[in-house]
Structures are given as C-alpha cells and as structure tokens.
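Engineer: Quick one: the structure is below, and I'll ask about it shortly.
Coordinate-derived values only; no laboratory data. Only a predicted model underlies this, so the values are computations on that prediction, with no experimental measurement involved. Cβ placement follows ideal geometry from the backbone for every residue including glycine, while neighbour counts extend to all protein chains displayed.
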Amino acid sequence: MKSRTKKVDAIILAAGWLGHKKLFPKALMEIGDETLLEKQVQWLRPFANKIIVSCTTQEAVQIRAYHPELKLTFAATPDLPGTAGSLKHAIPHTSTDSFLVVNVDDITDIDLPTLIDFGPNTVCVANPRLHYGMIEIENQEIKSFREKPLLKDLWVSCGVYLLNKSIAAKLPERGNIAKDVFPYLKLRAYKHFGVWRTIANHHDHSQ
C-alpha cells in the first residue's frame with residue numbers, strides 16, 4: 001500500500017467584502033448550503049495540519065462568529081495589504097517547511113496529495129473557459145459558433161499554490177503576489193484539467 005502523503009499547513013487568502021447596502025466577508029458567501037470558507041476547509045482538512053485564514057480584523061470577527069465550529073487560526077490585519085502582504089503576515093503562523101495557499105473564492109478539485117508530492121514552489125494552472133460564445137468570421141461571413149469554449153492554448157492561475165517558507169523573505173509588506181512577487185521567482189506549473197471556478201471576483205469590494 002502506498003504511504004499517505006505528508007500533511008502540510010494551508011493558508012486561505014480570504015480578505016474581501018461582498019454586498020451593496022450591507023457588506024459581508026467574501027468568505028461567507030454561500031454556494032448551495034455551504035459558505036466558500038466551508039468548502040475550502042472541507043477540501044483542505046484531510047491534508048492540512050493547520051488551516052490559517054488571512055483576512056482583516058473586522059472580517060475575522062464576523063467569520064469566527066459565523067463559523068465557531070471550524071476552529072481555524074486567523075492571521076488578521078487591520079486593513080488589506082494585498083495578497084503578498086497578507087501571505088507575508090500569515091507565514092509566521094505555519095509550522096511546515098512547505099504550505100498550501102488557496103484563494104477562498106477559487107473552487108477546484110485539484111488532487112492535493114499529488115500536488116504535495118509534486119513539490120514546491122508550484123503554481124496550479126488551468127485552461128480557462130470563455131464566458132461568452134465565440135464566433136469565427138471570415139471576411140463578413142460567420143463560419144461557426146462555439147459556445148463558451150475552453151481556451152486550450154492559454155494557461156491561467158487556479159489560485160492554488162504550494163510554496164516553501166523561503167518565499168517569506170521575498171514578500172513585500174504590501175502588494176499583489178501575482179504581479180509583484182511571482183514574476184521574479186523560479187516556479188513550476190502543475191497543470192490541472194478538472195474543475196476550476198472563480199466565484200466571487202466579479203463582486204469583490206477588496207481594495
């Protein structure tokens with residue numbers, strides 16, 4: 001029998017507000033009968049020693065009140081320092097050399113044991129699906145219709161990473177991890193061909 005994959009710690013980047021007249025933490029957006037945070041915790045829990053939620057202090061108060069049963073560790077900041085700053089603040093709460101990082105609103109079925117065995121420093125990537133039907137045109141004549149096709153020649157981040165603790169020294173106090181950090185690191189790509197959906201980004205009131 002193959003030995004069980006070692007567990008690592010996991011950080012959920014959960015900062016962001018939703019709503020119009022009354023704002024609430026993005027992590028508490030409900031999909032079906034579960035919040036985004038619940039879905040991520042259930043997916044991560046079998047392979048994580050500890051789950052750390054990175055968000056603002058105000059969001060942490062609401063999330064704790066709504067989900068006391070999840071027994072999570074919080075790395076809370078007074079404001080929103082961006083994904084890079086949030087990660088930098090959360091890393092001291094980890095106890096494993098490598099750790100998972102997950103956006104709370106990126107829902108996927110990535111095989112976590114395979115990803116952990118793949119090793120750091122890794123970014124999970126997928127082929128995005130166009131949100132609109134695509135029309136092929138030759139001169140002014142429509143040649144074909146394709147309903148929301150997969151863009152197989154393009155790769156995008158799934159919002160799931162396996163990183164080594166050494167990244168902490170390269171993280172700014174404020175900034176975006178995709179724009180300000182990843183372009184300057186040597187990273188590997190883990191290609192994912194299964195489920196990947198970004199849920200809340202179009203309604204995010206993060207700064």
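Engineer: What does the charge dipole of region 12-74 about its Cα centre add up to, to the nearest 20 debye, if the Cβ of each Lys and Arg holds +1 and the Cβ of each Asp and Glu holds -1?
Structural biologist: Details: 8 positive and 6 negative charges, 38 e Å.
With only Lys, Arg, Asp and Glu charged at Cβ, the dipole is about 180 debye.
Engineer: May I pose another question? Per residue of region 78-83, what does 6.51 cos²θ - 1.76 cosθ + 1.60 with θ = phi - 60° give for ³J(HN,Hα)? Whole Hz please, x for Gly and Pro, Karplus curve as stated.
Structural biologist: x, 10, 9, x, x, 5
Engineer: Give the Rg/Rh ratio for region 29-93, taking Rg as the radius of gyration of the Cα atoms and Rh as the Kirkwood radius, to two decimals.
Structural biologist: Values: Rg = 12.0 Å, Rh = 12.5 Å.
The Rg/Rh ratio comes out at 0.96.
Engineer: Which residue, chosen from A14, H89, T56, occupies the Cα position most advanced towards the positive end of the dipole of the chain, where the dipole is computed from +1 (Lys, Arg) and -1 (Asp, Glu) charges on Cβ about the Cα centre?
Structural biologist: H89
Engineer: When the dipole is taken about the Cα centre of the chain, and only Lys, Arg (+1) and Asp, Glu (-1) are charged at their Cβ, what size is it in debye, to the nearest 20? Present the calculation step by step, with values, prior to reporting the outcome.
Structural biologist: Values: 26 positive and 22 negative charges, 122 e Å.
The calculated dipole for the chain is roughly 580 debye.
Engineer: How much space per residue, in cubic angstrom, does the convex hull of the C-alpha atoms of the chain take up?
Structural biologist: Cα-based convex hull of the chain, divided per residue, equals 169 Å³.
Engineer: Still on this structure, please answer the following. What is the Å³ per residue value for the convex hull set by the Cα atoms of region 98-159?
Structural biologist: Spread over its residues, the Cα hull of region 98-159 gives 109 Å³ apiece.
Engineer: Cα axis of helix 57-66 to longest principal axis of the chain: angle in degrees, 0 to 90, nearest 10?
Structural biologist: Tilt of helix 57-66: around 90 degrees.
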